[in-house]
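Okay, structure first, notes after.
The values are calculated or read from the model by the stated rules, or taken from the named source; none is laboratory data. Everything quoted here is computed from the prediction, not taken from an experiment. Note that each Cβ is placed from the backbone with ideal geometry, even for glycine, and that neighbours are counted across all protein chains shown. What goes into the accessible areas is simple: the full protein's heavy atoms, side chains included, and nothing from ligands, DNA or RNA. Shrake-Rupley method; radii C 1.70, N 1.55, O 1.52, S 1.80 Å.
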Amino acid sequence: MKNLLTLSVLALAALSSGAGAQTAQDILNRVDSAQKSAKDVSFRLSGTASLESSAQKIDLTVKSIPAQSVARLQFLAPDALADNVVVADKNEVRQYLFLTNQITVTPVKKAANSAGFGGLDFTQLSNAATLLSQYSVKLLGTTGAAGSRLFQLEATPKGTGSTDKARVWITEAGWRPTRLQLVSSGNKVLADLNVSSYKVNAGLTAAALRALPKDAQIIRQ
Amino acid sequence: MKQIRAGKRMTVALGAALLGTAAGAVDVDFGVSYRTGTDVLGAGSLWQQTTARVGVSNVSVLGGTPVAGTLSAGVSNRAVDVGYALGLSLPPLGAVSSRTDLAVTWQGGLRLSSRATGTAGPVALNAGASFFTTSATAVDPLAAWTFAPTDLRNRGVAADLAARYRVNRTLVAVLGGEFGAQNQGFVGIESRRDLTRVLAPSEGDDPTLEPATERTGTLTFRAGARAGRDILGVTGGLTYATEAGLSLGLDALAGRGQTDSGSTGLTYGLTASVTAPDLLGEGSNLRLYSAYEPWRTASAPLRVGAEAILPLGPGELSLDVRGGRNPSGTAGFGARVGYRLPLGGSDAPQDNTP
């Protein structure tokens, strides 16, 4: 699951500035400039991911208002996580658990210490520059005709000793990601996700992103 | 304002005494309740029928250690209470939390209760246990008429366990039991139907993908059975909830058990509640409930209440009016006014922890 979150973070990260090889840098710059005017970003991630040994269907939506540091993840699949919601801002991470109709509220400091995101700072979901500075990005290949070219990028974490890689496909039409892959050191695809329903400036509000069922029991942690 | 300042000083003093330092956000709680009824200890005197409590809650303790949690403590003219809550959240997989409360009345009665809940993927467990040598109403005179039934025995041990398993996205299986005053078990299923609308796809999307949808509300159906000492029945229920937060719930039981007159025979139970957030202004919450459960041998058979929470100034005001009929057949009602004042530490909006 943490891999999946890494991917969704990367999807956002790929939207703005970064570091790495010159060609990859050019692409990221285009994505970045396309995103500069974005007040909000939302998209759907769907595909499969290998959790433990078996492949599972994954389907979730990501909504973010970078300037206000608010991000929301909402699960549609797998069934065990469907309807669960995670909302993060500068102060706290809120988790809605459908099964028990509860909301856990964890201060960001505590959340970062706990294992849930595998050391990944979820609140940095909307701070792409910081995030991508932790990755080396290179251009693997280009397909398609001019105007609708598809660029395949590969990101490797810097300095962690990890050889897991994330692949991101960026379309020239709109300069946005269309597909994400997480690949293990043995070149096994751990997760393969499509990016769809991609929207910027859809008029999202922080209040709407933070909205969780109001009849849920709130547990502060 | 004078009262608030005095409260602040008191809290700081109390917090400092308890912990050495009171770091982070702390809430101060003030509450006054009044209830009628001849079964109150020393009934007839205004003092005995009034309960005033001041306390602190949400106090962070033992920060940085594996058992970092929050502490609450309070004192009233009936009892001294202290509570400790622990939690671990692992988004998006699940969370674990626990809470232990101890109250000692000025007469020397004791109530100790503990509850733990855990959710991991498709499984959730909720377990509670309590030990008491005085009744719940000795600590909180309005405790008899809460929506959830309260064990009104004067002393005893009680425990309950409930497990929920998500069979698939829409179906949840429930299994549990209550032990103590009236041992019983229950089993059931819950099925949920989303009321949704389809969102328009964006340009360039793969057309073979299912379209994204947005939920506008939910309908939940419940069906099950309950069996145990002096009760054997089938249960059914329905909840309708809108995305705006309005929630309507209705549950019924029909079977054999204690009837309204106290004899054993065909009996039924009916509970209903309405929750409406923001109806009394933004950030407010209103809940109305009624429960008629003559088959419960150790709880009030009739419970009715209205609870409102309103943001007021820096904190929030709570108003409760509750009433009902007790197992002995006497009727009564009570009201409570409370104010929760957050003190520094965080600028995040406060929640109405139930």
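GNM on chain B, alpha-carbon springs under 10 angstrom: the most fluctuating residue among B:Arg164, B:Arg222, B:Arg193 is B:Arg193.
Its Cα gyration tensor gives chain B an equivalent ellipsoid, and the semi-axes of that ellipsoid, as √(5λ) in whole Å with the largest first, are 34, 31, 20. Sorted into 5 angstrom bins from 0, the C-alpha pair distances of the stretch B:251-312 split as 4, 18, 21, 15, 12, 10, 9, 7, 4, 1 percent. So what's the stretch B:88-156 giving for Cα Rg divided by 2.2 N^0.38 Å, two decimals? With N residues counted in the stretch B:88-156, Rg over 2.2 N^0.38 Å equals 1.39. Separation of the alpha carbons by more than 21 angstrom is noted, of A:Lys138/A:Lys165; A:Lys57/A:Lys138; A:Lys165/A:Lys188; A:Lys63/A:Lys90; A:Lys39/A:Lys138; A:Lys158/A:Lys199, for A:Lys57/A:Lys138; A:Lys39/A:Lys138; A:Lys158/A:Lys199.
The orientation-averaged projected area of the convex hull spanned by the Cα atoms of the stretch B:247-354 comes to 8.2 nm². Ordering B:Gly233, B:Leu288, B:Leu171 by Cα displacement along the dipole of chain B toward the positive end leaves B:Gly233 in first place; charges were set at the Cβ atoms of Lys, Arg (+1) and Asp, Glu (-1). Here the dipole of the stretch B:182-297 is about 820 debye; that uses its Cα centre as origin and unit charges on the Cβ of Lys and Arg (positive) and Asp and Glu (negative).
For the pair the stretch B:166-241 and the stretch A:185-215, the centres of their Cα atoms are 25 angstrom apart.
With only alpha-carbon pairs counted, each pair once and no self-pairs, how large is the Kirkwood hydrodynamic radius of the stretch B:50-178 in angstroms?
Result for the stretch B:50-178, one decimal place: 16.5 Å.
The alpha carbon radius of gyration of the stretch B:111-240, expressed as a multiple of 2.2 N^0.38 Å, is 1.47.
Note on B:Glu243: accessible area is roughly 100 Å² with a 1.4 Å probe, heavy atoms of protein only. Among B:Phe30, B:Phe333, B:Phe131, the sequence by solvent-accessible area, most first, with a 1.4 Å probe is B:Phe333, B:Phe131, B:Phe30. Kirkwood radius, the stretch B:182-297, all distinct C-alpha pairs, inverse of mean reciprocal distance: 17.1 Å. Measuring only protein heavy atoms, the 1.4 Å probe finds B:Ile309 accessible over about 40 Å².
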